[in-house]
1. Could you give the semi-axes, largest first, of the ellipsoid that matches segment 372-453, computed as the square roots of 5 times the alpha carbon gyration tensor eigenvalues and rounded to whole Å?
2. Too long at a 25 Å Cα-Cα cut-off: which of LYS167/LYS304; LYS178/LYS386; LYS254/LYS304?
3. Using amide H atoms built in the peptide plane, which far-off residues or other-chain residues are under 5 Å from ASN265 H to H?
4. Points 7 angstrom from Cα along the Cβ direction at LYS386 and VAL279: gap in nanometres?
5. Please compute the Cα-Cα pair-distance distribution of segment 299-422 with 5 Å bins starting at 0, giving whole percents from short to long.
6. Karplus couplings for segment 426-435 from phi (6.51 cos²θ - 1.76 cosθ + 1.60, θ = phi - 60°), rounded to Hz, Gly and Pro as x?
7. Given N residues in segment 424-519, what is its alpha carbon radius of gyration divided by 2.2 N^0.38 Å?
8. Dividing the convex hull volume of the alpha carbon atoms of segment 181-308 by its residue count, what do you get in Å³ per residue?
Amino acid sequence: MRLPERLSRLRRTDRGSRTARQRPGARAAAKNGRCGRMSSLRDRLTRLRAHSASARTTEEALSPGAAAEPAGSEDATAAKGCDRAEAVRAGDRAGIHASDGSEGAGTGSGSGEKGGPFRGLHPALTALNVEEIAGEFGRFLRRRAVYPLEHRHGHYVLTELMSCAVKLKPIAARQNRKRGRQAADVSSESPDIEAQRLLFLDTETTGLGVGTGNLPFMIGFGYADGAAGTFTVEQLLIRHPGEERAMLAYLLGKFAGVTHLVTYNGRSFDWPVLTSRFVLNGWRPSGVEPGHLDFLHPSRALWKNTLPSCRLSRIEEDRLGILRGEDVPGSLAPELYMKYLSDGDASHLRGVYIHNERDILTLASLAVHFGGVLEGRLGADWALPKEPEELFRTAAWLAEHGGERHAERLFAALCAEGTPGGRWLLPAAARLKRLGRHEEAAELWERAASLAESRLLPSAEAHIELSMHYEHRRREPAAALEYASRALELLQRRTTLRQSDRARAELDAIRHRMARLRRKLEAAGRPG
């Protein structure tokens, strides 16, 4: 087709399309389409207004001042319940959070929160004095329990927290020091610890990881008020993830004036989880975050070798005198929360609330315990640990945290004659050797050597140390050779046909030592 004919056909097509658009029928159809869309929007708004009016009617019917339903009106009541549920769903679809109109006179935390009894709460929650809190970012549930400082939790009274908290500074200095700096350098720069500026924190989460998929559904925290003479425990709970932002905003208000978070494994778990949730909800880190007082680490330092585990519940029973009785393990908390989300029965959460509250009180008792140990109360006001291994580890921990004077009293009790030997003998002897107290160290090596010879898989370390001591300190090569020979026998008892490189090196070193000692004895026996 030639170009002029093609252009002519395109002009005819264009004129035809314009004519069709200008026909009255087409204009009417377009207008009807627009009107149809407007009508659809008006119908939706009408339905939402009807749902809202129905919800208000249901609120009035359920209010305390409303007239009672006559007998036999179950159908009407059910219809009202359906209207209310449909109103809530419609509000959710429209992005509107329907108000229950049930806010009481409560106080929040600097964000205009209001709290009070909520008629829609499950009876299991109201029995625990749980209240709904409404603030700028939405709603969540809060439970508050106030204890007098005279309250005893296990061996310790909460009043002791006010005097023992300041002694925790060495722990905080070691845990919050920057990489490459010594604890002694940081301790002088660390802020003094005041009981009223500590926040005792424990979370219950939907999982065990610290990633973004782990949701803290309950956040419990406690704080002391010396002026009021109280220790308050607050527990925040969300009924669905949409309430998380409101809960976190409330928690942020509690960080004001706090210098340290007191936790149990919180430095590695609770705080990273909360940090990720803050970021996901739009907050960014700014300023200086609180320091950490994570009591898992000193607990392991003291009790790792003497308790079956360092779980908080085990430490409570065996070292703090706390008997929980029936208790929901923390590992079951996620499952119980999922049951609550599934069937709405809040009675599943009762044990979780109680478990979390006790954990926070136990953190306060641990603060008293470690503060008292650093203050030197063991062997003075408090009884010494009964097990020698724990006594040694406590003394060593004290020495590492600047309590050498108090540690020396524990070491002296440990090395007293008649104390059963154990794994602590060699580390205790090594400490005395570092301090230049060689004769005292030799006494412990003698005890360790005697124990080693009676074991199936003995260690030759004590015999080697005694050989060195008699050779270089006492100048008795014959005694040194005797201990070296016994060390060789012990090592040969441990070895197998396939010797490791380390075992061969130890055997070669002992043989070399024995050859040198024999040469010394031969030289000493020659006439001059």
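1. 22, 14, 10
2. LYS178/LYS386; LYS254/LYS304
3. Result for ASN265 returns PHE295, LEU296, HIS297.
4. Between LYS386 and VAL279, the label points sit 4.8 nm apart.
5. All Cα pairs, binned at 5 Å, distribute as 2, 10, 17, 18, 15, 11, 8, 7, 5, 4, 2, 1, 0 percent.
6. With the stated coefficients, segment 426-435 comes to 5, x, 5, 5, 4, 5, 4, 5, 4, 7 Hz.
7. Values: Rg = 13.3 Å, N = 96, 2.2 N^0.38 = 12.5 Å.
Ratio of Rg to 2.2 N^0.38 Å for segment 424-519: 1.06.
8. 159 Å³
The values are calculated or read from the model by the stated rules, or taken from the named source; none is laboratory data. Everything numeric here is computed off the predicted structure, so don't read it as measured data. As a convention, Cβ positions derive from the backbone with ideal geometry for all residues, glycine included, and neighbour counts pool all protein chains shown. Heads up: the accessible areas ignore ligands, DNA and RNA and are worked out on the full protein's heavy atoms, side chains in. Shrake-Rupley method; radii C 1.70, N 1.55, O 1.52, S 1.80 Å.
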